[in-house]
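Peer 1: Take this structure, written in structure tokens, and hold onto it; I'll ask about it next.
The values are calculated or read from the model by the stated rules, or taken from the named source; none is laboratory data. Values in this document were obtained by computation on a predicted structure and should not be read as measured data. Neighbour counts run over all protein chains shown; Cβ positions are idealised from the backbone, glycine included. All accessible areas refer to the heavy atoms of the entire protein, side chains included, with ligands and DNA or RNA removed. Shrake-Rupley method; radii C 1.70, N 1.55, O 1.52, S 1.80 Å.
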Amino acid sequence: MQFKRIALAAALAATTAGAANAATEIQWWHSMTAVNNEWVNDLAKQFNESQSEYKIVPTFKGAYDESMTAAIAAFRSGNAPHILQVFEVGTATMMASKGATVPVGKVMSDAGAKFDPSAYIPAVAGYYTAPNGQMLSFPFNSSTTVFYYNKDAFKKAGLDPEKAPKTWPEVFAAAKKLKESGHSCPMTLGWQGWTQLESFSAWHNVEFATHQNGLGQDGHKARLKINSPLHVKHIDNLAQAAKNGEFVYKGRGSTAQASFVAGECAMIQTSSGFYGDVSKNAKFAYGLAPLPYYDDVSGAPQNTVIGGASLWVMSGKKPEEYKGVAKFFEFLSQPEIQAASHQRTGYLPVTMEAFKMTEDSGFYKKNPGTDVAVNQMVRKVTDNSRGIRLGNYVQIRTIEDEELEQVWAGKKTSQEALDSIVKRGNELLARFERANAGK
């Protein structure tokens with residue numbers, strides 16, 4: 001009996017010690033799929049194996065809008081994750097969610113962690129920084145829009161496979177030749193609102209919305225301006241290409257990307273973060289190039305705007321858990337980690353040091369075009385090209401999709417659709433302004 005008591009005591013002591021030594025779990029909700037989901041899991045595994053105090057637990061919670069909605073609901077019920085990945089168009093909404101988040105700058109300083117916002121690419125850091133200079137969220141998978149094309153399809157159509165179209169007239173001419181060569185989908189688009197309205201505006205240095213696209217003083221008063229003659233002309237040109245079968249609409253968000261990887265569509269404008277999928281799964285020679293532009297527009301090309309997502313820290317957690325979050329962000333900030341992630345995924349390296357490290361390694365020379373995204377972003381920005389930070393923008397993106405789909409289907413003119421986007425979008429912006437007046 002005495003022996004049993006001793007054995008039981010020993011077992012309890014071991015259990016208690018194990019509990020005391022157990023790593024503090026940090027829940028991380030994200031929206032990465034396919035090869036990018038593998039990357040997220042590998043980052044968590046690498047961090048967890050690098051130390052024993054904390055354990056990052058990554059969980060896929062659906063598309064960006066779904067994970068954001070789920071996290072807000074979880075916050076209200078007291079079950080929010082520690083870290084939430086939020087796409088860039090959710091930034092203004094997260095900023096307005098008072099009390100739901102803790103600024104990343106505060107998390108890092110409270111933990112005594114090494115954190116230098118000036119180390120980040122200015123266009124990236126600036127987008128996620130409050131007017132008072134405090135960084136609100138941690139830049140993670142920052143991307144921008146780039147142009148991908150199928151070199152084998154170009155060759156078959158009699159086009160120079162080593163020469164990507166530079167201007168929109170050249171793109172439309174290439175699409176015509178691809179169609180004539182028997183290609184069923186010469187061109188498609190990913191994230192059409194982002195690529196053809198947001199990035200298009202910045203790339204041509206034209207206003208997307210007032211108050212510096214929502215980034216300026218009184219940004220919450222911003223209103224859309226995307227029914228200008230240039231915007232109408234561009235959507236008109238795409239509509240004509242759709243009518244001719246030279247542009248094929250494949251669906252919202254990233255849906256069209258699969259048709260490029262499969263070799264079905266020969267050209268696509270989408271996220272630089274698509275590179276990991278293309279490099280792993282495309283069975284043809286491909287090229288990456290800067291976005292096309294209209295060369296009769298003064299100031300074009302300018303620079304493209306940020307896409308992708310950042311990591312927000314949710315409030316209501318224990319100090320020890322925030323230390324774990326800070327330690328993880330310190331790990332992610334290492335130039336070696338940033339450079340490896342950039343080279344694997346096509347997302348921006350985020351820090352200038354990681355960019356230089358990648359350049360010095362010869363990666364860009366071995367993989368032509370992989371520096372396009374960074375070079376498009378590191379240019380000097382203007383008030384029209386700093387980025388876009390608008391309230392209720394997740395819903396406005398849906399409106400953009402709805403209206404542009406009407407154009408591709410031949411049910412609305414470009415002017416009608418863009419006017420409708422502005423009218424419907426501005427109603428949502430006015431609602432956001434009223435809700436956040438005085439905050």
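Peer 1: Among Ala300, Ala285, Ala153, which one shows the highest mean-square fluctuation when the chain is modelled as a Gaussian network with alpha-carbon springs under 10 Å?
Peer 2: Ala285
Peer 1: Please report, in whole Å, how far the alpha carbons of the stretch 101-150 spread along each principal axis, starting with the longest.
Peer 2: 49, 22, 22
Peer 1: Let me ask something else about it. Using a probe radius of 1.4 Å on heavy atoms only, what accessible surface per residue do you get for the chain? Whole Å² is fine.
Peer 2: Accessible area per residue, the chain: 43 Å².
Peer 1: For Glu170 and Lys380, FRET efficiency with R0 = 25 Å and r from the beta-carbon atoms, rounded to 0.05?
Peer 2: 0.45
Peer 1: Over all directions, what mean area does the Cα convex hull of the stretch 63-160 project, stated in square nanometres?
Peer 2: Result: 9.6 nm².
Peer 1: For Ile56, what residues show an amide H to amide H distance below 5 Å, using hydrogens built from the backbone and excluding near sequence neighbours?
Peer 2: Hits under the 5 Å cutoff: Ile26, Asn48.
Peer 1: How big is D for the stretch 203-282, in µm² s⁻¹ as a whole number, if Stokes-Einstein is applied with the Kirkwood radius of its Cα pairs at 20 °C and 1.002 mPa s?
Peer 2: It diffuses with D of about 140 µm²/s by this estimate.
Peer 1: Mind checking which aspartates and glutamates have their C-alpha under 18 Å from Lys327, skipping anything on the same chain fewer than 8 residues away?
Peer 2: Correct list for Lys327: Glu25, Asp42, Glu49, Glu53, Asp110, Asp116, Glu336.
Peer 1: Continuing with this model, one more query. Report, to the nearest 10°, how far helix 229-243 tilts away from the longest principal axis of the Cα atoms in the chain, using its own Cα long axis and a range of 0 to 90°.
Peer 2: 80 degrees
Peer 1: Still on this model: Under 17 Å from the Cα of Lys411, which aspartates and glutamates turn up, not counting those fewer than eight places away in the same chain?
Peer 2: Cross-link targets: Asp236, Glu400, Asp401, Glu402, Glu403, Asp419.
Peer 1: Further question on the same structure: Hey, any idea what % of the stretch 384-439's accessible area is carbon plus sulfur with a 1.4 Å probe?
Peer 2: Carbon-and-sulfur percentage of accessible area, whole number: 46.
Peer 1: List, largest first, the extents of the alpha carbons of the chain along their principal axes, each in whole Å.
Peer 2: Each principal axis gives a Cα extent; for the chain these are 90, 52, 39 Å.
Peer 1: When the chain is fully extended, how far beyond the present Cα-Cα distance does Val297 get from Gln395, taking 0.36 nm per residue of separation?
Peer 2: 32.3 nm
Peer 1: Then there's this: Just grab the label-to-label distance for Glu405 and Glu330, each label 7 Å out from Cα along the Cβ direction, in nm (one decimal).
Peer 2: Here the modelled spin labels are 4.8 nm apart.
Peer 1: For the stretch 255-260, what does the Karplus curve 6.51 cos²θ - 1.76 cosθ + 1.60, with θ = phi - 60°, yield as ³J(HN,Hα) per residue in whole Hz, taken in order and with x for Gly and Pro?
Peer 2: 3, 5, 4, 4, 6, 6
Peer 1: Report, to the nearest 10°, how far helix 168-180 tilts away from the longest principal axis of the Cα atoms in the chain, using its own Cα long axis and a range of 0 to 90°.
Peer 2: Between helix and principal axis, roughly 80 degrees.
Peer 1: Rounded to the nearest percent, how much of the accessible area of the stretch 169-268 (1.4 Å probe, protein heavy atoms only) is carbon and sulfur?
Peer 2: C and S fraction of accessible area: 48 percent.
Peer 1: Kirkwood-based Rg over Rh for the stretch 111-187 (C-alpha set), two decimals?
Peer 2: Details: Rg = 21.0 Å, Rh = 16.0 Å.
With Rg and the Kirkwood Rh in hand, the quotient comes to 1.31.
Peer 1: Also, I was wondering about something else. Using the Karplus curve 6.51 cos²θ - 1.76 cosθ + 1.60 with θ = phi - 60°, what ³J(HN,Hα) values do you get for each residue of the stretch 367-380, in whole Hz, with x for Gly and Pro?
Peer 2: 10, x, x, 6, 9, 4, 4, 5, 5, 5, 8, 8, 5, 5
Peer 1: Could you work out how much longer the chain between Ala282 and Glu25 gets when fully extended? Use 0.36 nm per residue separation minus the Cα distance between them, nm to one decimal.
Peer 2: Taking Ala282 through Glu25 to full extension adds about 88.8 nm, to one decimal.
Peer 1: Could you please report the charge total around Ala113, scoring K, R as +1 and D, E as -1 over all other residues with beta-carbon less than 13 angstrom from its beta-carbon?
Peer 2: +1
Peer 1: Distance between Cα centroids, the stretch 42-69 to the stretch 161-197: provide it in whole Å.
Peer 2: If you average the Cα positions of each part, the centres end up 37 Å apart.
Peer 1: Using only the alpha carbons of the stretch 31-72, determine the length spanned along each of the three principal axes and report them from longest to shortest in whole angstroms.
Peer 2: On the principal axes, the stretch 31-72 reaches 33, 24, 8 Å in Cα extent.
Peer 1: Given the DSSP H assignment, sum -39500 (n - 2.57) over each helix run of at least 4 residues in the chain and divide by its residue total; what's the result at 222 nm in deg cm²/dmol, nearest 500?
Peer 2: When only DSSP H runs of four or more count, the value is -14000 deg cm²/dmol.
Peer 1: Which percentage, to the nearest 5, of the DSSP beta bridges contained in the chain is antiparallel?
Peer 2: Among the beta bridges of the chain, antiparallel pairing accounts for roughly 65 percent.
Peer 1: Can you spot the lysines whose alpha carbon is less than 23 Å from Lys155's alpha carbon? Ignore those fewer than 8 places along the same chain.
Peer 2: Within the straight-line cut-off, Lys155 pairs with Lys163, Lys166, Lys176, Lys177, Lys179, Lys280, Lys283, Lys365, Lys366.
Peer 1: I would also like to ask the following. Tell me the carbon and sulfur percent of the accessible area for the stretch 81-153, rounded to whole percent, probe radius 1.4 Å.
Peer 2: 55 percent
Peer 1: For the chain, take the longest principal axis of its alpha carbons; what is the angle in degrees between that and the long axis of helix 34-50, to the nearest 10 within 0 to 90?
Peer 2: It works out to around 30 degrees.
Peer 1: While we're on this one: Want the number for Ala258 to Ala70: 0.36 nm per residue separation, take away the alpha-carbon distance, what's left?
Peer 2: Details: separation 188, 0.36 × 188 = 67.68 nm, distance 2.66 nm.
Value of the extension gain: 65.0 nm.
Peer 1: So what is the relative contact order of the chain, in percent, for Cα pairs below 8 Å that sit 6 or more residues apart?
Peer 2: With pairs under 8 Å counted, the relative contact order is 25 percent.
Peer 1: While we're looking at this one, here's another question. Can you list which of the trypsin sites (Lys or Arg not before Pro) found in the stretch 244-298 are DSSP loop residues with at most 11 other C-beta atoms within 10 Å? List each step's numbers first, then the result.
Peer 2: On the way: sites: Lys250, Arg252, Lys280, Lys283; in loops: Lys250, Arg252, Lys283.
Qualifying residues, ordered by number: Lys283.
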